[in-house]
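This report concerns only the one structure given below.
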Amino acid sequence: MRFRKKPIVIEAVRIPNQDEMIEHGLVIGFFMKYKFEDFTIEEDKGYNIKTIEGTMHASPGDWIIRGINGEFYPCKPDIFEKTYEPAEANK
């Protein structure tokens with residue numbers, strides 16, 4: 001049998017690379033918006049995020065996704081690009 005993902009809208013933010021450090025405020029703001037505090041900023045300027053599957057590391061350039069049940073998890077850029085596209089009402 002074959003299945004297709006249902007079309008859902010998620011929220012996500014990309015972790016900036018070293019030359020984009022000013023944008024780290026966007027990541028922190030994303031977490032604060034949902035009162036999510038289960039993360040730490042690491043030496044590589046990535047984040048360790050407590051997920052439903054355990055603690056996962058998100059490196060600069062990765063995306064952090066807020067899933068349909070309010071959970072947070074990291075996603076590598078290549079997988080993100082293959083899986084997601086901008087939603088019409090991108091707010």
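The set of residues from the range 51-91 being out of contact with any strand residue (DSSP E or B) (no Cβ under 7 Å at 6 or more places or on another chain) and part of a strand (DSSP E or B) comprises just one member, Gly54.
Residues in the range 46-90 that are within 15 Å of Asn17 (Cα to Cα), buried (at least 16 other Cβ atoms within 10 Å of the Cβ) and charged (D, E, K, R): Asp62 only.
Throughout, read-outs are computed from the coordinates displayed, never taken from laboratory work. Here the structure is a predicted model, which is why all the values come from computation and not from measurement. We place every Cβ from the backbone using ideal geometry, glycine too, and count neighbours over all the protein chains shown.
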